[in-house]
Amino acid sequence: MTVRLDVLPAADWATFVANELAARLRAEPALRLCLPTGDTPAPVYAALPGALAAARSGLGSATVVLLDEWLGLPAGDPARCDTRLRHELLDRVGRPSDLHLIRVDELQPEAAAAAHDVAVAEGLDLALLGLGTNGHVGFNEPGSTADSPTRVVELDHSTLNAAVGRYGATRRPAGGVTVGLARLLEAVEIWLLVTGHRKATVLARALEAPETPDCPASFLRRHPALRVLADEPAAAGLSAVLTRSGRIRGARDGI
Ligand code: GLP
């Protein structure tokens, strides 16, 4: 089992990923996509209108499933994942044929998670994921395992601090709802997006240290079609063997 690794100069990374995604949508217009928000995908979404136009493709026939959502933030809060997805992507490229946000304003948290899981369970062709500095993917925080379901979660202090400090939340979130690692591992393909020097240590842990719930992203190596799209600063902690080959042997091969 191998993992495909693409390392790009920081200046080219977002355009490269946007072009790759546009090409996938061109080849498979009815793609069922799980999308993250946060600072990592933001430049990809900014580059996507141009990439889609160049590829003569779009989101119009696709299904978009949101990866995760905060609890306890009001609708329209700038840190809300649905707010960011609308502003940074959908307002620019138009609505997909089906859009599944996480219904935290209408439903109790557990019911919102269960309703979201119904949409996710229909299957994902491609899950795009960011990586937390603590090893989380979505809101699958440390302690999560490969069989973690879509659920309500308590959030790490570092994650809550990011909501207020980096994303401009108007108050401290009460928790989160996330697509579970089990569902993410069921996707046909996963692209892990990682940028910046501050992610270098955690990316090396995720790809080269033993699999552990302390770094939930390490379980992604179990996936048969994991692709890691990193910029050079984020890849700086990876071993030379790995970056030269562009191939990582998966956990089941003994690494
Ligand atoms: C956030 C989100 C994740 C995101 C990750 C990285 O808390 N819940 O889905 O991918 O942390 O965020 P960023 O891209 O802003 O570094």
Using a 1.4 angstrom probe on heavy atoms only, work out the carbon and sulfur share of the accessible area of the chain in %.
51
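Over the chain, with the other protein chains present, what is the accessible area per residue in square angstrom, probe 1.4 angstrom?
40
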Could you compute how much accessible surface Glu186 exposes when probed at 1.4 Å, giving the result in Å² to the nearest 10?
120
Rounded to the nearest 20 debye, what is the charge dipole size of the chain about its Cα centre when +1 sits on each Lys and Arg Cβ and -1 on each Asp and Glu Cβ?
540
Percentage of interatomic Cα-Cα distances in the chain larger than 34 Å
9
Long-range amide H contacts for Val153: which residues qualify at under 5 Å (H placed 1.01 Å from N, peptide plane, sequence gap of 5 or more or a different chain)?
Gly176, Val177, Thr178
Net dipole in debye of the stretch 115-174 [+1 Lys, Arg Cβ; -1 Asp, Glu Cβ; about Cα centre; nearest 20]:
400
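The values are calculated or read from the model by the stated rules, or taken from the named source; none is laboratory data. In this text, all values refer to a predicted model and were calculated from it rather than measured experimentally. So basically every Cβ, Gly included, is an ideal-geometry build from the backbone, and we count neighbours across all protein chains shown. Just so you know, the surface numbers come from the protein's heavy atoms only, side chains and all, with ligands and any DNA or RNA stripped out. Shrake-Rupley method; radii C 1.70, N 1.55, O 1.52, S 1.80 Å.
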